[in-house]
Amino acid sequence: MSEQDGFVRVGGLAEVPDGEIRLFEHVSGRVAVAHIENELFAFGDECTHEGCSLAEGELDEVADTVVCPCHGSAFALRDGEPVDGPARDPVPVYPVRVRDGWIEVRLEIGGQA
Ligand code: FES
């Protein structure tokens, strides 16, 4: 992994096929990356309800949400806000980009990582 402009290289684009989510481990924590058509979304892996892994959840490619596998909370991929319960708090979302076939995520926002 390398750091450039605050972005951290977490893995290869080829590791996240269209329509899927992958979990990447980093010293700052776990980040999930979802791929919908030509767009990537990076967000905290831990559901704010009881901590299940959102990378193991389901993508709703029409609503741009991820649905937690444990109790069905849905989070908007663009801002992390819960759009369906039982979770009430948002998950963090992170800027993400692709450089030379690598996924890079800026994990530190406002001092939180
Ligand atoms: S842990 Fe995700 S909805 Fe309960």
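Filter the trypsin sites (Lys or Arg not before Pro) in the range 10-113 to those in DSSP coil with at most 14 other Cβ atoms within 10 Å of their Cβ, and list the result.
Arg78, Arg88
Taking all Cα pairs closer than 8 Å and separated by 6 or more residues, the relative contact order of the range 1-73 comes to 19 percent.
Which loop GluC sites (Glu not before Pro) in the range 19-55, with loop taken from DSSP, have no more than 11 other Cβ atoms within 10 angstrom of their Cβ? Walk me through the intermediate numbers first.
On the way: sites: Glu20, Glu25, Glu37, Glu39, Glu46, Glu50; in loops: Glu20, Glu37, Glu50.
Passing sites in the range 19-55 are Glu37.
With all protein chains in place and a 1.4 Å probe, the accessible surface of the range 3-105 carries 44 percent carbon and sulfur.
For GluC sites (Glu not before Pro), the sites in the range 51-113 that DSSP calls loop and that have at most 16 other Cβ atoms within 10 Å are Glu61, Glu108. Computed from backbone phi with θ = phi - 60° and the Karplus coefficients 6.51, -1.76 and 1.60, the 3J(HN,Hα) list for the range 84-95 is 8, x, x, 5, 10, 9, x, 9, x, 10, 10, x Hz; x is used for glycine and proline. The calculated Kirkwood hydrodynamic radius for the range 3-105 is 13.4 Å, given to one decimal from all distinct C-alpha pairs.
Rolling a 1.4 Å probe over the protein heavy atoms gives the chain an accessible area of 54 Å² per residue. Length gained on full extension, His26 to Leu13: 3.1 nm, using 0.36 nm per residue less the C-alpha separation.
Stretched out straight at 0.36 nm per residue, the stretch from Ala63 to Asp5 would grow longer than its current Cα-Cα span by 17.8 nm.
The values are calculated or read from the model by the stated rules, or taken from the named source; none is laboratory data. It should be emphasised that the depicted structure is a prediction, and the values quoted were computed from it without experimental measurement. A quick note on method: Cβ atoms are made from the backbone with ideal geometry, for glycine too, and the neighbour counts reach across all protein chains shown. For accessibility, only protein heavy atoms count, side chains too; no ligands or nucleic acids. Shrake-Rupley method; radii C 1.70, N 1.55, O 1.52, S 1.80 Å.
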